[in-house]
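Presented below is the structure to which this report refers.
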Amino acid sequence: MKQLTWRLVLPLTVISFGTFTKWWYVLPVDAPDTMMAGFPLAWVSEGWWTSMSLQIFLAELFFDFLVIFLFWFLLIFLVKCFLKIISVPKILTVVMLSLSALFLALAIFITTWPEVTFKIKRDWSMQVMVTGYKMTWTTQDRPDFMKYYPRKK
């Protein structure tokens, strides 16, 4: 199982972490409406100081990575135990490791921007307005705020 973890589970974790996410439209306390991303917890948020800034919350990031890793580990473990022995072809291993290395390189590049701020934990409360799922490379427009809080007449 140790070989499968390094050759299959870890690359699948990085690839799925880098391709699929959940977006959150939230109203933080004492801050403007914000788009966040992360699955199952929101771990990245827009920064409020400039347009290209990000806030990355490390506790939520590690929790999300652990949940996805455990999902793939349990899935591979159960398939190996109950269905059959898994043999991963070398070409598939090379492709998955290359793709996960590409995702990690892109993540490292983005996190080295000077506008990115790291925090251990999100230190503000929020009200979640709308959520949805998306692929990471697609953009999600802000939902219409007035749809959720119409003006009173």
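The values are calculated or read from the model by the stated rules, or taken from the named source; none is laboratory data. Note that this is a predicted model, so its numbers are computed, not measured. Quick reminder, even Gly has a Cβ in these numbers, built from the backbone with ideal geometry, and neighbours come from all protein chains shown.
Annotation: LYS121 fulfils all but one of (1) modelled with pLDDT under 90; (2) outside any helix (DSSP H, G or I); the unmet one is (1). As a summary of the residue check, LYS147 satisfies the conditions (1) modelled with pLDDT under 85; (2) closer than 23 Å to GLY18 by Cα; (3) basic (Lys, Arg) except for the one numbered (2). Considering MET96, MET36, MET52, which residue is within 22 Å of TYR133 (Cβ to Cβ) and either in contact with an Asp or Glu (Cβ under 8 Å, 6 or more places away or on another chain) or not β-branched (Val, Ile, Thr) (or both)? Among MET96, MET36, MET52, only MET36 is within 22 Å of TYR133 (Cβ to Cβ) and either in contact with an Asp or Glu (Cβ under 8 Å, 6 or more places away or on another chain) or not β-branched (Val, Ile, Thr) (or both). For PHE109, the conditions (1) surrounded by fewer than 15 Cβ atoms within 10 Å (Cβ to Cβ); (2) farther than 28 Å from ASP141 by Cα are fulfilled apart from (2).
Among the residues of the range 73-93, the one identified as modelled with pLDDT of 90 or more and over 13 Å from LEU10 (Cα atoms) is ILE91.
Flag set for GLU115, criterion: of a type in the set (Asp, Glu), touching a residue at least 60 places away in the same chain (Cβ under 8 Å) and over 19 Å from VAL26 (Cα atoms). Any idea which of LEU104, LEU66, LEU78 is aliphatic (A, V, I, L, M), surrounded by 13 or more Cβ atoms within 10 Å (Cβ to Cβ) and not in a loop (DSSP other than H, G, I, E, B)? Result of the check over LEU104, LEU66, LEU78: LEU104. Among the conditions (1) part of a helix (DSSP H, G or I); (2) aliphatic (A, V, I, L, M); (3) within 17 Å of the chain's Cα centre (by Cα), VAL94 misses just one, which is (3). Got at least one residue in the range 80-93 being among the small types (Gly, Ala, Ser) and either closer than 19 Å to TYR133 by Cα or in contact (Cβ under 8 Å) with a residue 24 or more places away in the chain (or both)? No; the residues of the range 80-93 include none that is among the small types (Gly, Ala, Ser) and either closer than 19 Å to TYR133 by Cα or in contact (Cβ under 8 Å) with a residue 24 or more places away in the chain (or both).
Of the residues GLU46, GLU60, the single one that is at pLDDT below 90 and within 16 Å of the chain's Cα centre (by Cα) is GLU46. Residues that are in a loop (DSSP other than H, G, I, E, B) and among the hydroxyl-bearing types (Ser, Thr, Tyr) were ranked within the range 19-61; the one that is surrounded by the fewest Cβ atoms within 10 Å (Cβ to Cβ) is SER51.
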